[in-house]
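What follows is a single structure, and I will ask about it in a moment.
Read-outs throughout are calculated quantities, based only on the coordinates presented, and are distinct from any laboratory measurement. These figures come from a predicted structure and were not determined experimentally. Don't worry about glycine lacking a Cβ; one is built from the backbone with ideal geometry, like all the others, and counts go over all protein chains shown.
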Amino acid sequence: MPAPSTKRPIIGITVRIDPDKDTYHLRTTYPRAILHAGGIPLLIPLLTEPGYLDTIAQLLDGVLLSGNPGDVDPFRYGQAPHVALGAVHPERDETDLQLLRIADARRLPIFAICYGMQMLNVHRGGTLFQDLPSQVENVMQHQQRGSFRRLAHGIQIEQNSLLANLAGGVTARVNSHHHQAIDELGRDLRAVAWAADGVIEAVVGTQPNHFVLGVQWHPEINADHDPFSQALFKHFVAEAARHRQGLPLE
Ligand code: MN
C-alpha cells in the first residue's frame with residue numbers, strides 16, 4: 001500500500017463499549033472500509049469529559065458513527081423505556097451526540113450507520129420506534145437471523161437521489177440488524193429509502209454545504225466485495241477530502 005498522503009482525509013469512527021468487560025471494541029470492517037475507500041480511519045474512545053472530543057475532532061475531516069448492539073436511551077427523545085428496549089450505553093450515546101454537535105457546527109461530513117443513523121435523528125430532534133415488532137403493524141423482519149452478511153430485504157430508493165446514483169438504481173437489497181427505526185424525522189433530514197413496510201432505511205441532510213448520510217443497514221459488512229457498499233464509503237470519503245481542502249460540496 002502506498003504511504004498515506006496528507007490529502008487523505010481523517011475519518012473518526014466511534015467504537016462500542018462492553019460494560020461487563022470494561023472494554024471498547026469494533027469490528028475490523030469499519031476501519032478497513034474507510035481505508036480501502038481512501039480515508040485514514042481513527043477510532044474514537046467513548047470519553048465524554050469536557051474538552052476531549054473537541055480536541056480530537058480538530059483532527060477530523062469526517063465522522064463515521066458505527067452501529068451499536070445497544071439502543072439509544074429513549075430519555076434522549078422524551079419517552080419512557082418500552083419493555084422491549086435493549087441495552088443502553090450512555091457513554092456511546094453521549095459521545096455520538098457531542099460529535100454530532102461538533103460536526104454540525106463545522107459542517108464535517110457525517111456518515112451514520114444503523115444505531116448511528118438513529119442517534120443522528122434523535123440529535124436533530126426526531127424520535128424512534130423503540131421496538132418495531134411490538135409497535136408497528138405488519139412490520140417485516142428487520143432483525144435477521146443466520147448469516148449476518150446476508151442481504152435480508154429490499155429497499156426502494158428515491159428517484160434521482162444521490163443514494164439511487166450510488167446504488168445504480170432505485171432498488172437494492174440490504175442486510176438488516178435492527179429492532180428500532182426512525183419514527184418522526186428530525187430537523188434538516190429527509191428520508192430517501194424505505195423498506196416495503198414503510199420503515200425508513202436511509203436519510204440525507206437537507207442543509208447546503210453539509211454532507212449528511214444515514215443508512216439503517218450495515219454497508220461495512222459487505223464493503224470487501226459489494227459495489228453499492230463500496231460506493232457509499234467512497235462517496236463519503238470523497239466528501240471528507242473536499243471538506244479537508246475547503247472545497248464546496250459536489
Ligand atoms: Mn431493515
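Considering the dipole of the chain built from charges on the beta carbon (Lys and Arg +1, Asp and Glu -1) around the Cα centre, which of Ile13, Gly168, Pro74 is farthest to its positive end?
Gly168
Below 14 angstrom from the Cβ of Asp188, what's the summed charge of the other residues (Lys, Arg +1; Asp, Glu -1)? Please list the in-between numbers first.
Working: positive: Arg101, Arg107, Arg124, Arg187, Arg190; negative: Asp104, Glu184.
Net charge in that neighbourhood comes out at +3.
May I ask you to evaluate 6.51 cos²θ - 1.76 cosθ + 1.60, the Karplus curve with θ = phi - 60°, for each residue of the stretch 233-247 and list the ³J(HN,Hα) values in order in whole Hz, giving x for glycine and proline?
Values per residue, Gly and Pro as x: 5, 5, 5, 4, 5, 5, 5, 5, 5, 5, 5, 4, 8, x, 8 Hz.
Dipole magnitude of the chain about its Cα centre, charges +1 at Lys/Arg Cβ and -1 at Asp/Glu Cβ only, in debye to the nearest 20?
840 debye
Show me the three semi-axes of the equivalent ellipsoid for the stretch 10-244, from the C-alpha gyration tensor (sqrt of 5 times each eigenvalue), largest first, rounded to whole Å. It would help to have the intermediate numbers written out before the result.
Details: eigenvalues 111, 96, 60 Å².
Listed largest to smallest, the semi-axes of the stretch 10-244 are 24, 22, 17 Å.
Ok, one more. Rg and Dmax of the stretch 190-242, using alpha carbons, in Å: what are they?
12.2, 36
Could you give the dipole magnitude of the stretch 1-71 about its Cα centre, charging the beta-carbon of Lys and Arg +1 and that of Asp and Glu -1, in debye to the nearest 20?
Working: 6 positive and 7 negative charges, 94 e Å.
It works out to roughly 460 debye.
Give me the net charge for the shell around Ile221: Cβ to Cβ below 9 angstrom, other residues only, Lys and Arg +1, Asp and Glu -1.
On the way: positive: Arg27, Arg149; negative: Glu220, Asp224, Asp226.
Neighbour charge sum, excluding Ile221 itself: -1.
Tell me, what are the semi-axes, in whole angstrom and largest first, of the equivalent ellipsoid of the stretch 96-216 as set by the roots of 5 times the Cα gyration tensor eigenvalues?
Numbers: eigenvalues 107, 60, 32 Å².
Those come to 23, 17, 13 Å.
How high is the relative contact order of the stretch 10-244? Use alpha-carbon pairs under 8 Å, at least six apart in sequence, and give a whole percent. Spell out each step's value before the answer.
On the way: 471 pairs, mean separation 50.9, N = 235.
Taking the mean separation of contacting Cα pairs over the length of the stretch 10-244, I get 22 percent.
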